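The next block holds one structure in the form of structure tokens; read it before the comments.
The values are calculated or read from the model by the stated rules, or taken from the named source; none is laboratory data. The structure presented is a predicted model; accordingly, all values stated were derived computationally and were not measured. Heads up, the Cβs are rebuilt from the backbone with ideal geometry, glycines too, and the neighbour counts pull from every protein chain shown. Note: accessible area is taken over every heavy atom of the protein model, side chains too, but ligands, DNA and RNA are not part of it. Shrake-Rupley method; radii C 1.70, N 1.55, O 1.52, S 1.80 Å.
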Amino acid sequence: SLKGRPSLKMELTSVSQLVDRYDAFLLDQFGVLHDGTNAIPGAVDCFAQLVAKNKKCVILSNTSRRGGAGAVKLKKMGFAADALSGFVASGELAYQFMASELRGKKALWFGWVGGDHASYVDGLDLTFAPAETADFVLCQGTQSLDDGSGTPLRVNLHESGVLDDAVGAVLDACVARGLKMVCCNPDYIALVSFGTGHMPGALARAYEERGGTVISFGKPSTAAFEAGLALLGGGIPKERVCHVGDSLHHDIAGANASGVDCLWVAATGIHADELGLASDATALPSDAYHRVVGAWGGKPPTHVTMRFRWEG
């Protein structure tokens, strides 16, 4: 019920309307800046406008890549990534944990297909092993499964959202041995160039539902937000920082729990279908906003916008 929750009132804003209120912005990537392949229309200019206004910007992303790789990808899309004050990637946080706690261990690795994703484990001295002999499960992607036996097994979860029976059996075997899963990206879904991509968080959730234990890195944990705030340097009060994101479950929940204001991006983010919005929509019906945010049940966003755009 929405009774007694007047804070659910909705007033659309643009980034330019917030620029005098905040000195720094923590920026999500997918659904805000890009779709995994292309920059979202208006996002490159909006970022440039923030830089021109001398606003400090830090990427706070649940990408399973390391931070340096993410910055290179942004630059290729046209963003002035060199102007960033830092890049916090859940994949980087997970990598540093493994470097400290799991170096040289045997891992059953769920990863991505193609590109430079294999370089993610460089320097960890991991060997890949099946469920029967692995020390832990590495959940970095949802397209392939490498158990060290040769050609990685193709996993269809990313595109289809369906967990193959063979993969489910592997997860059950890992649970039976009490293996912990390290999840490099707790997102469940992301809006990507082909539609909806099912992310490592979905695989981690399936593992937990089977009785497994998951160690996750990234939003909504307050540790991820504290890492982003630390990169801003001293002198900026928390009330002068705004996080921009599209996920109620990760961005908005994490910002609220961390005491940081937040701008929720509606039309290009993961809740667009629930809201009944096309990516080029210019208006957010109040009833749709109240239905989706009310059903979410957590503290609502501080501000709402249609897309990460300087004006309107």
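Where Lys and Arg each count +1 and Asp and Glu each count -1, what net charge lies around S279 among other residues with Cβ under 13 Å from its Cβ?
Computed value for this residue: -2.
Please report the net charge: other residues with Cβ closer than 10 Å to the Cβ of P301, K and R +1, D and E -1.
-1
DSSP beta bridges in the stretch 126-201, what fraction antiparallel, as a percent rounded to 5?
Beta bridges within the stretch 126-201, antiparallel portion: roughly 65 percent.
Please list, in chain and number order, the residues 5+ apart from D147 or on another chain whose amide H is under 5 Å from its amide H, with Hs placed from the backbone.
Correct list: L153.
Accessible area per residue of the chain at 1.4 Å probe, in Å²?
Averaged over the residues of the chain, the accessible area is 42 Å².
Please compute the modelled spin-label separation between A169 and A48, points set 7 Å along Cα→Cβ, answer in nm with one decimal.
5.5 nm
List every residue whose amide H lies under 5 Å from the amide H of D187, counting only residues 5 or more places away in sequence or on a different chain, with H placed 1.01 Å from N in the peptide plane.
G201
Whose amide H sits under 5 Å from the amide H of C262, counting only residues 5 or more places off or on another chain, with H placed in the peptide plane?
H243, T302, H303
For a Förster distance of 45 Å, can you work out the FRET efficiency between the beta-carbons of T151 and L12, rounded to the nearest 0.05? List each step's numbers first, then the result.
Working: r = 50 Å, r/R0 = 1.11.
In this case the efficiency is close to 0.35.
Could you give the nm distance between label points at V113 and E101, where each point is 7 Å from its Cα heading toward the beta carbon?
The modelled label-to-label distance comes out at 3.2 nm.
If R₀ is 41 angstrom, what is the calculated FRET efficiency for the pair K238 and A176, using the beta carbon separation as r and rounding to 0.05?
0.40
In nm², what is the average projected area of the convex hull enclosing the Cα atoms of the stretch 148-251?
Value for the stretch 148-251: 9.1 nm².
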